[in-house]
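Asker: The structure's right below; bear with me while I get my questions together.
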Amino acid sequence: MPEPAVPEPTPVPTLNVANLLTLSRLVLVPLFVLALFAGDGVDTTWRAIATGLFVIASATDQVDGWVARKYGLITDFGKIADPIADKALIGAALVGLSVLGELPWWVTIVIAVREIGVTLLRFWVIRHGVIPASRGGKAKTMTQILAIVVYLLPLPLPAGADAVRWVLMGLAVLLTVVTGVDYLIRAIRLRAAGRRATGA
């Protein structure tokens, strides 16, 4: 007696709620930049708006991941677009703060080099598979976001706040470098495994 045919799983559409949230984060990036530089970066109202836009955009990163996992909307597009949207937002904030003279350029450069490098690695190994974000990578992103929010706040900072800002940003830089090395190792292993599987 022939076995009943197993129905093929329904493909997940690329245009879904989770991916739309990711794209909305990209749309918010230029609005955030405009607000950050409005009033020469020192206007309290515009600075508050910029901080709010950054927080909202950062929150979509948590929401889109939750929606994708809960409703089975995980796609290869989302795996690629989500970290790119994160990098665009965080990169815009770091460059903006450095242009305004509030954050040393070396911090922005170190983080930017890592993020660009990881993005290039993603495309380098994409034919062999997609490397999802690790726990360390997620911790890195959250630390970067928290540090940037503290730098963006327009409120007068109490005594010792500079030390807190530097500790947070220092931790963000450390996690950025460590997770970058980890990603490089995982990318090399994935590519090697893929080449072995295809006999290349």
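Asker: Can you say whether residue 81 is within 13 Å of residue 20 (Cα to Cα), under 13 Å from the mean Cα position of the chain (by Cα) and among the hydrophobic types (A, V, I, L, M, F, W, C), as far as the supplied structure shows?
Answerer: yes
Asker: Which residue pairs have Cβ atoms under 8 Å apart, sit 6 or more places apart or on different chains, and have a first residue in the range 15-36 that is of a type in the set (A, V, I, L, M) and a second that is at pLDDT 90 or above and open to solvent by 40 Å² or more (accessible area, probe 1.4 Å)?
Answerer: Qualifying pairs under 8 Å: 28/56; 35/46; 35/49; 36/46; 36/100.
Asker: Could you tell me which residue of the range 143-165 is nearest to the chain's Cα centre (by Cα), considering only residues that are modelled with pLDDT under 90 and in a helix (DSSP H, G or I)?
Answerer: If we take residues in the range 143-165 being modelled with pLDDT under 90 and in a helix (DSSP H, G or I), then 165 is nearest to the chain's Cα centre (by Cα).
Asker: Name the residues in the range 83-138 that are among the basic types (Lys, Arg) and farther than 22 Å from residue 152 by Cβ, would you?
Answerer: 122, 127, 135
Per-residue answers, yes or no, for (1) over 14 Å from residue 25 (Cα atoms); (2) out of contact with any helix residue (DSSP H, G or I) (no Cβ under 9 Å at 6 or more places or on another chain):
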residue	(1), (2)
41	yes, no
52	no, no
72	yes, yes
92	no, no
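Asker: In addition: Can you find a residue that is surrounded by 17 or more Cβ atoms within 10 Å (Cβ to Cβ), closer than 19 Å to residue 183 by Cβ and under 12 Å from the mean Cα position of the chain (by Cα) anywhere in the range 120-132?
Answerer: No, there is no match, as no residue in the range 120-132 is surrounded by 17 or more Cβ atoms within 10 Å (Cβ to Cβ), closer than 19 Å to residue 183 by Cβ and under 12 Å from the mean Cα position of the chain (by Cα).
Asker: Moving on to the next point. Please indicate, with yes or no, whether at least one residue in the range 58-65 is touching a residue at least 40 places away in the same chain (Cβ under 8 Å), in contact with a helix residue (DSSP H, G or I) (Cβ under 9 Å, 6 or more places away or on another chain), open to solvent by less than 10 Å² (accessible area, probe 1.4 Å) and farther than 15 Å from residue 146 by Cα.
Answerer: yes
The values are calculated or read from the model by the stated rules, or taken from the named source; none is laboratory data. Computed from a prediction, not measured in an experiment: that's the story for all the values here. Note that each Cβ is placed from the backbone with ideal geometry, even for glycine, and that neighbours are counted across all protein chains shown. The accessibility values were calculated without ligands, DNA or RNA, using every heavy atom of the protein model including side chains. Shrake-Rupley method; radii C 1.70, N 1.55, O 1.52, S 1.80 Å.
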